[in-house]
1. Name the single residue that is nearest to LYS6 (Cα to Cα) among those in the stretch 36-51 being in a helix (DSSP H, G or I) and of a type in the set (A, V, I, L, M, F, W, C).
2. Could you please find all residues in the stretch 18-35 being closer than 24 Å to PRO46 by Cβ and either more than 9 Å from the chain's Cα centre (by Cα) or part of a loop (DSSP other than H, G, I, E, B) (or both)?
3. Search the stretch 22-35 for residues being surrounded by fewer than 10 Cβ atoms within 10 Å (Cβ to Cβ) and out of contact with any Pro (no Cβ under 8 Å at 6 or more places or on another chain), and hand back the single one that is nearest to SER7 (Cα to Cα).
Amino acid sequence: MDNWRKSSYSGPGDGNECVEIATTPTHTSIRDSKAPTRATLTFPTPAFTTFLQALKAHPRP
């Protein structure tokens, strides 16, 4: 994947704790922006969409 983009919600201030996300029509991948050559997590797009919806429905305090 070559369309990685950094999350604007990862970490305080300068974003030291950032994740990056890349999408295709069928999958969504996530990696640590501080170690981009290490392993990534890849999910089918419908599963990742369900995960995001659950996060939005139950935000952290």
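1. Step by step, filter the stretch 36-51, then rank; the result is PHE48.
2. Correct list: THR23, THR24, PRO25, THR26, HIS27.
3. In this case the residue turns out to be ALA35.
Any read-out appearing in this document is the output of simple, stated calculations on the displayed coordinates, not a laboratory observation. Given the structure is predicted, the values throughout are model-derived calculations rather than measurements. Heads up, the Cβs are rebuilt from the backbone with ideal geometry, glycines too, and the neighbour counts pull from every protein chain shown.
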